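Asks: Submitted below is the structure of interest, expressed as C-alpha cells.
The values are calculated or read from the model by the stated rules, or taken from the named source; none is laboratory data. Here the structure is a predicted model, which means the values were calculated and not measured. Here the Cβ positions follow ideal geometry from the backbone for every residue, glycine too, while neighbour counts run over all protein chains shown. For accessibility, only protein heavy atoms count, side chains too; no ligands or nucleic acids. Shrake-Rupley method; radii C 1.70, N 1.55, O 1.52, S 1.80 Å.
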Amino acid sequence: LYEHGRFGSADTQAVGLLMTLYAFAILGAGIGDLLARACYACHDSHTPVIANSVAFTAATGLKILLVGQFAAAALAVATSGFYLVSISILAAIVLRRQGMAMLAGLSGSLIRSLIGSVTGCASAMIVIQLCGTVAVLPAALLGATVYGAALWLLGDEFVLRMIRPMQSATKGVD
C-alpha cells in the first residue's frame, strides 16, 4: 500500500513499528476514558485531571530525553506511556474507592467483546480480500454489523439495551 515512489520497504517497516507502538495509546485512551467516567459518576472531576497531569508531565520529560536518540519511536513510546501511566493511576484510585466488586462480570464482557471483535474483523477482512481496498467502507460496515450481531446473539446486556428502544419503536408502527 505504501511502497511507491521514494517510500520503500524500510519506510513501511518504520511506519509499522510506529503504528504498533501507538496501539498502546489507543488502548490506554479507551480504558482511561472509562476510568475517568467512573470518577465523574462519583462526582470527582479532580482525580482524572491530576492523574493525567502527572502522566503528561512524565511523558513530556520522556519525549524530551529520548527524541534525540530514538526520533519518532520515542514520541510513540512516550505517548503510549502517558496513557498507560494515567490508567494505572486512575485504576488504582478507582479500585481502592469502589472495591473489587466493581469488576464483577468483567470477564464475561471481555470474552463477548473479543468474540464479537474477532468475528467482525474476520468478516471485514474477507470482504477486503475478495474486493480489494476499494471496499474498505462496506467492509467496515459489515464488520460493525457482524460485531453487533455477535454481541446480540451472545446476550450482551449493552447491545440488548441499545436494541430495546428500536424494538419498542417498531411495535408501535404495526
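Asks: For every helix of n ≥ 4 consecutive DSSP H residues, a contribution of -39,500 (n - 2.57) applies; sum these over the chain, divide by its total residues, and give [θ] at 222 nm rounded to the nearest 500 deg cm²/dmol.
Replies: -30500 deg cm²/dmol
Asks: Let me ask something else. Ignoring ligands and nucleic acids, what accessible area does Leu84 show with a 1.4 Å probe (Å², nearest 10)?
Replies: Here the accessible area works out near 70 Å².
Asks: Among Ser113, Ala135, Val15, flag the residue with its Cα farthest along the positive direction of the charge dipole of the chain, charges on Cβ as +1 for Lys/Arg and -1 for Asp/Glu.
Replies: Ser113
Asks: Accessible area, 1.4 Å probe, largest first: how do Cys39, Cys121 sort? Walk me through the numbers before you get to the answer.
Replies: Values: Cys39 5, Cys121 90 Å².
Descending order: Cys121, Cys39.
Asks: How much length is gained if the chain between Phe56 and Leu34 is pulled fully straight, taking 0.36 nm per residue apart and subtracting their Cα-Cα distance, in nm to one decimal?
Replies: Result for the pair: 6.1 nm of gain on full extension.
Asks: For the chain, what is the accessible area per residue in Å² when the probe is 1.4 Å?
Replies: Per residue, the chain has 68 Å² of solvent-accessible surface.
Asks: Could you tell me the center-to-center distance, by alpha carbons, between region 42-81 and region 87-139 in angstrom?
Replies: Between the Cα centres of region 42-81 and region 87-139 lies a distance of 24 Å.
Asks: Still on this structure, I have one more. Could you check the simple spin-label distance between Met19 and Gln69, using points 7 Å along Cα→Cβ, in nm with one decimal?
Replies: Label-label distance for Met19 and Gln69, simple model: 2.8 nm.
Asks: Computed FRET efficiency, Cβ-Cβ of Cys42 and Ser88, R0 25 Å: what is it to the nearest 0.05? Let's see the in-between values first.
Replies: Details: r = 19 Å, r/R0 = 0.75.
So, using R0 = 25 Å, E works out to roughly 0.85.
Asks: With a ≥ b ≥ c the root eigenvalues of the C-alpha gyration tensor of region 69-171, is it rounded (a/c under 1.5), prolate (a/b larger than b/c) or oblate?
Replies: oblate
Asks: Roughly how many percent of the accessible protein surface of the chain is carbon and sulfur, given a 1.4 Å probe and a whole-percent answer?
Replies: Values: 8530 of 11880 Å².
Solvent-exposed carbon and sulfur of the chain make up 72 percent of the total.
Asks: Which entry is the computed mean projected area of the Cα convex hull in nm² for this structure: (1) 12.5; (2) 15.1; (3) 19.5?
Replies: Of the listed options (1) 12.5; (2) 15.1; (3) 19.5, (2) comes from this structure.
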